[in-house]
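Where a number appears in this text, it was derived from the coordinates with a stated rule and is not lab data. None of the values given here were measured: they were computed from a predicted structure.
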Amino acid sequence: MESKYGKANRIWVMDRGMVSQDNLQFVRQRGGSYIVGTPKAMLRQFEQYLTDKDWREVQEGVEVKLVPGPQGDELFVLVRSVDRRQKERAMHLAQCCKNSPRSRAATWSCLLAAGTLR
């Protein structure tokens with residue numbers, strides 16, 4: 001990129017498939033900034049922030065929060081949305097119902113677990 005367009009104050013954006021420690025180290029050594037999609041499993045490191053009330057709505061249905069990284073040298077952007085929450089529930093419901101017998105009780109249990117019923 002730099003050989004083609006020259007050195008600039010870029011922000012590198014990488015998804016989970018591109019990111020590796022080597023790629024991040026390369027960007028860091030060059031003094032670059034980056035945004036990386038991280039695995040959902042990393043959310044455990046940020047549990048304390050997920051329940052806080054100080055989320056900022058950046059567009060309808062999408063909220064963000066800036067939090068320090070585990071070592072304190074990075075800034076993480078946590079993002080949550082109504083649409084994503086609904087998708088997660090639907091995926092959970094499909095998986096739950098697929099793995100359980102098709103009895104009435106199992107169906108009700110799946111619906112309750114997915115948050116479909118209140």
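General remarks:
- Distant-in-sequence amide H partners of E74 (H built 1.01 Å from N, under 5 Å): G69
- Using a cutoff of 8 angstrom between alpha carbon atoms and counting only pairs six or more residues apart, the relative contact order for region 2-81 works out to 19 percent.
- Within the straight-line cut-off of under 18 Å between alpha carbons, the aspartates and glutamates reachable from K87 are E60, E63, sequence neighbours fewer than 8 places apart in one chain being disregarded.
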